[in-house]
Structure formats: C-alpha cells, structure tokens
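Notes for the one structure printed next.
The values are calculated or read from the model by the stated rules, or taken from the named source; none is laboratory data. Just so it is clear, the structure is predicted and the values come from calculations on it, not from any experiment. When we count neighbours, we look across all protein chains shown, and the Cβ atoms used for this are built from the backbone with ideal geometry, even at glycine. Heavy atoms of the whole protein, side chains included, go into the accessibility calculation; ligands, DNA and RNA do not. Shrake-Rupley method; radii C 1.70, N 1.55, O 1.52, S 1.80 Å.
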Amino acid sequence: ISLLARDNTSKPKSLDDGSKSLSESSSSITSERIHPAEEANGLSMMQTLIHLLKCNIGTGLLGLPLAMKNAGLLVGPFSLLAIGILTVHCMVILLNCAHHLSQRLQKTFVNYGEAMMYSLETCPNAWLRTHSVWGRYTVSFLLITTQLGFCSVYFMFMADNLQQMVEEVHVTSKTCEPRKILVLTPNVDIRFYMLTILPFLILLVFIQNLRVLSIFSTLANITTLGSMALIFQYIMQEIPDPRNLPLMASWKTFLLFFGTAIFTFEGVGMVLPLKNQMKHPQQFSFVLYWGMSLVIVLYICLGTLGYMKFGSNTQASITLNLPNCWLYQSVKLMYSIGIFFTYALQFHVPAEIIIPIIISQVSESWALFADLSVRTALVCLTCVSAILIPRLDLVISLVGSVSSSALALIIPPFLELITFYPEDMNCITIVKDIMISILGLLGCVFGTYQALYELTQPINHSVANSTGVYA
C-alpha cells in the first residue's frame, strides 16, 4: 500500500481537479472506498507508532543542544515543551477537521490539501470560496517545500558524517577523550560523498510499499535507538556546573531556536496519511498522544543535557562534540543509517503530490517511466540543494521558520476556524486559534529574517558544519 494511496482516487489526478464542485467531488466516493482486503492489510498500532517516531526523530534532534544554547538553559526547555504541546494540539485540530469534512462530504478520507480546499468552499467569505482551490495549492507547495527541505538536510547530514568517519580514521583512537579544536584539511570534497550516497537513495525511493518500508523503518529505529543510548551515556557523565550558563539568551538567537524547534517536529505532514493507513484509524489518537509524548520528553532531555555538557562549545550537531574514538564514531554510522531510511519516509509526501500530476499528462505505457524519472529528479534536486547549503544549523532553522511553522502552527488553527465557524464556535476556541496562528506567523517572519541574515554573514569556520574542523 503506497503511503498516500488513499489520498487519491484510483486514477491519477492533477491539482486542477481540486477546482471541481462538491457535487463532482462526491461522485468519486465509490472509487475511494476502502475494500476489506485493503483494510486487512492496514498498519497495526505498533507499526504506526514506529512510523510516527521515525518521522519525528531526525537530524533536527541532534541540533537541539545548539537550540538550547540559542534560547537559554531555563527558557529553552520550557519553550520547547510549549512548542511541542502546541504542535501536537495543531495535529489534533488537523485530524478533527479532516474527519469532520470527510463526514460532511461522505468521503472515506481527505488529505491536508483537500481539507483546506473543501473548508474554503463552504466558508462565509465569497472571495475565499471562489479561490478555494488555492488553499490546496498552498498546502501542497508548503508540503513539498518542507519535506524536500528535510531531505536536503538529511543529505547534508549523511555526507558530513561519512566524511568525518573517513577523514578522521588516522586520528581515531581507542581512548574516548573530549574533542579539541583542530583545523584539518579534508582530503576529499564533501560533494564527492554526496554523489556517493546519491545512487543508493535513488534506489531506496523506488520502494513505494509502506509495509516494506516499515521493515526499514524498524531497522532505522533500532540504529537510532542505539546511537541515542551512546549519546546519552556520554553527555550524562561529568556534567560541568550549569550555573555559568545563561538562563536566557538574546532575542535574535531565540528566533533561531524557534526555527530549529519547529523543524524538529518533522511529522506534521505524515499525520493524516498514517491515520489513513491504519487498520483501525479510530485508534490513531492514542498512538499520536503516546508517541508524541515520548518524542517531546526525548527532545527536552537531549537538548538540555547536551547544552549542559558542552556549554558554549556546543556545535550544530551534537555528534560533532563527541569524542574521536571508535565507540562514538559508531554513533555517526548508526544515526546515518537511521537517517538514510527516514529519507524514504519523508520523500513520500512530495512524491505523491507531484507524481500524479506528471503521470496524468502521459500515456499509460509511459506511466512507470515517468514515475521513476520524477523520483530520480527529486532526489537529485535535494542533492544539489545540499551542495549549495553552507550551514547545517541555519538551514534547519530556515526550513523550520519558513514552511514548517506554516504547516504546523499557522494553517491548522485557520483551518479549524473556517471549518467550524458556520457551526457556532465558542469565543474561547476562536481566540485560541487566532493566537496560535499569530504566534506561528510571527515566528515564521522573524525566524526567517534572522536565519537569512545569518546565512549572509561570513562563515566562522570554528562553528560551521565543516567536517574538517573537529578532531
């Protein structure tokens, strides 16, 4: 079963199909029914939990100690907890709106973009009703931008770690001593490592069966769990006195914290597809609350302990602070394997939005070739983007501020307003939704500005994500 298979009807449809009226949309109900065989092959609660955890435990997690440094030892953990609670609440809003619209339209399932379009079609404002299809276009564009941004960061992270392991072989020791700053000249350009990874990722994204991917996802969770255990084992030893660390950082660096924190919650685009793929979708709320609670606790603990351990020397990825010994080199390898398989999960969202549009323009005999060609082109696009990116930490913050904040904090409350407003919403809910959307918008604008400003500044090689800097 393809990850977003139930997002579409049995025939490929372009985004222009979203402009159809509700009556025309209702005519496709039969083709979107779930057959018993499909339901029997749905995901179990454990499989869904595995996918949910894997979608939220990515490279952003390793950047949280630096995010805590940008916010402050006191402000950082509480702000991350607040953002986590708001993000989960917005996920629940999205689920409720999609469920309500599917019942109203008598459809089995509506995806994120369809939910936005159908809500605008029935809202009181005439202009929004006329341009309702642009709601779907906007969500689709943001999903594509966000998920491809994630994939580009994954590309950079894997290449960085591969280069670190190769370049530091001759200085790697059996004794795990704290790292010292030492500038090394890389023997091979990092772009070579990116091109080495490229063909393997292309082959990986050709896999479209989610049940097959669940096997890889399980392997990714195991390797990630092993690397996390080693990271926690190190950062919990001999923690320096934290009283010297600032409780609150400047507002400029806090904006970078906001972008990184939002980026870290990477699973918002996967919530509806995962629920749709469950054997018993009504159990998804329990899986969501349980899984995201584990994720938030993990985020706060790693970010806080990592910052307390490394203090002002905290780097863009916590792996850069680990000792240069064989034990902790294995952390990079295990986490890179986990990120490798997570790439395929995050890649599904933009692929399943773009590919149906392309396939609808070609004959059936060319459909498979077009499908594989688009997947290959998108992977190459993320590779090129990674080559052009100079700073891992700032790109994480930029992607989080620009598109992740819109999908996770701005759009869901707005969607709830236009979906339930005709049905007499109470004033508290209206005020709550407006406040969340304004908060997300402010974070988006100012976080984007600060990330772009930092990207235009000369690179300080002592803090850049250059592999050859740390030894």
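Observations on the structure shown:
- Looking at region 44-87, the accessible area is 26 square angstrom per residue; that uses a 1.4 Å probe and ignores ligands, DNA and RNA.
- Model label points for Met46 and Trp127, set 7 angstrom from Cα along the Cα-to-Cβ axis, are 5.4 nm apart.
- For Met278, the amide hydrogen comes within under 5 Å of the amide hydrogens of Leu43, counting only partners 5 or more places away or on other chains and with H modelled in the peptide plane.
- Rolling a 1.4 Å probe over the heavy atoms of the protein chains gives region 108-173 an accessible area of 33 Å² per residue.
- Computed from backbone phi with θ = phi - 60° and the Karplus coefficients 6.51, -1.76 and 1.60, the 3J(HN,Hα) list for region 289-294 is 5, 5, x, 6, 5, 4 Hz; x is used for glycine and proline.
- Region 257-380 - accessible surface per residue (Å², probe 1.4 Å): 32
- Whole-percent carbon and sulfur share, accessible surface of region 281-422, 1.4 Å: 73
- With every protein chain in place, region 48-117: carbon and sulfur % of accessible area (1.4 Å): 69
- Highest to lowest packing among 84-94, 117-127, scored as the average C-beta count within 10 Å: 84-94, 117-127
- 3J(HN,Hα) along region 119-127, derived from phi through the Karplus expression 6.51 cos²θ - 1.76 cosθ + 1.60 where θ = phi - 60°, amounts to 5, 5, 5, 10, 7, x, 6, 5, 5 Hz, with x in place of Gly and Pro.
- Whole-percent carbon and sulfur share, accessible surface of region 213-266, 1.4 Å: 71
- Entries of Lys309/Lys332; Lys252/Lys332; Lys54/Lys279 with Cα pairs more than 29 Å apart: Lys252/Lys332
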